[in-house]
Amino acid sequence: VYDFTRKVPCGRVTTYKDVCTAIGRGSPRSVGAALRNNPFAPSVPCHRVIASNCYVGGFLGEWGASRCSAKIHMLTNEGVEFTTDGYLANKGVVWRG
């Protein structure tokens with residue numbers, strides 16, 4: 001999980017499901033659990049992983065746009081934009097490796 005997530009370029013995002021597909025095992029929830037406990041941040045940019053429906057997803061064990069303002073702020077600083085209700089504004093920035 002960490003090796004794949006480390007490759008997500010700045011200004012792009014991937015999904016918990018795409019991480020599973022890329023590594024060939026696990027579930028989106030298991031990816032989320034690994035990233036929630038990420039000891040390698042910021043080298044492993046866990047903030048660049050979002051839900052497969054393009055919702056901001058979780059961050060530091062919290063879920064939802066109102067609780068993930070730090071994640072949205074970091075991604076916005078990288079050029080990734082979200083709607084006011086927490087969905088990815090441009091699906092063209094989704095990276096699948």
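The values are calculated or read from the model by the stated rules, or taken from the named source; none is laboratory data. Given the structure is predicted, the values throughout are model-derived calculations rather than measurements. Ideal geometry is used to build each Cβ from the backbone, glycine not excepted, and the neighbour counts take in all protein chains shown. Quick note on the areas: whole protein, heavy atoms, side chains included, nothing else; ligands and nucleic acids left out. Shrake-Rupley method; radii C 1.70, N 1.55, O 1.52, S 1.80 Å.
Which of the residues spanning region 36-48 are out of contact with any strand residue (DSSP E or B) (no Cβ under 6 Å at 6 or more places or on another chain) and open to solvent by less than 40 Å² (accessible area, probe 1.4 Å)?
Asn38, Val44, Pro45, Cys46, His47
Thr76 - would you say it is more than 12 Å from the chain's Cα centre (by Cα), at pLDDT 95 or above and of a type in the set (Ser, Thr, Tyr)?
For Thr76, the condition - more than 12 Å from the chain's Cα centre (by Cα), at pLDDT 95 or above and of a type in the set (Ser, Thr, Tyr) - is met.
So which residues in region 60-77 are farther than 13 Å from Arg48 by Cα and not basic (Lys, Arg), if there are any at all?
Gly61, Glu62, Trp63, Gly64, Ala65, Ser66, Ser69, listed by residue number.
Restricting to region 59-97, name every residue that is in a helix (DSSP H, G or I) and open to solvent by 60 Å² or more (accessible area, probe 1.4 Å). Lay out the reasoning, then the answer.
Filtering region 59-97 down to residues in a helix (DSSP H, G or I) leaves 69-77, 91-93.
Result: Ser69, His73, Met74, Thr76, Asn77, Lys91.
Looking only at region 1-25, which residues are assigned to a helix (DSSP H, G or I) and either open to solvent by less than 30 Å² (accessible area, probe 1.4 Å) or out of contact with any Phe, Trp or Tyr (no Cβ under 9 Å at 6 or more places or on another chain) (or both)?
Asp3, Phe4, Thr5, Tyr16, Lys17, Asp18, Val19, Cys20, Thr21
When only residues in region 22-73 that are in contact (Cβ under 8 Å) with a residue 24 or more places away in the chain and among the charged types (D, E, K, R) count, which is nearest to Lys7 (Cα to Cα)?
Arg48
Take Val56 and tell me if it is over 16 Å from Lys91 (Cα atoms), of a type in the set (Val, Ile, Thr), buried (at least 17 other Cβ atoms within 10 Å of the Cβ) and out of contact with any His (no Cβ under 6 Å at 6 or more places or on another chain).
On the way: over 16 Å from Lys91 (Cα atoms): no; of a type in the set (Val, Ile, Thr): yes; buried (at least 17 other Cβ atoms within 10 Å of the Cβ): yes; out of contact with any His (no Cβ under 6 Å at 6 or more places or on another chain): yes.
For Val56, the condition - over 16 Å from Lys91 (Cα atoms), of a type in the set (Val, Ile, Thr), buried (at least 17 other Cβ atoms within 10 Å of the Cβ) and out of contact with any His (no Cβ under 6 Å at 6 or more places or on another chain) - is not met.
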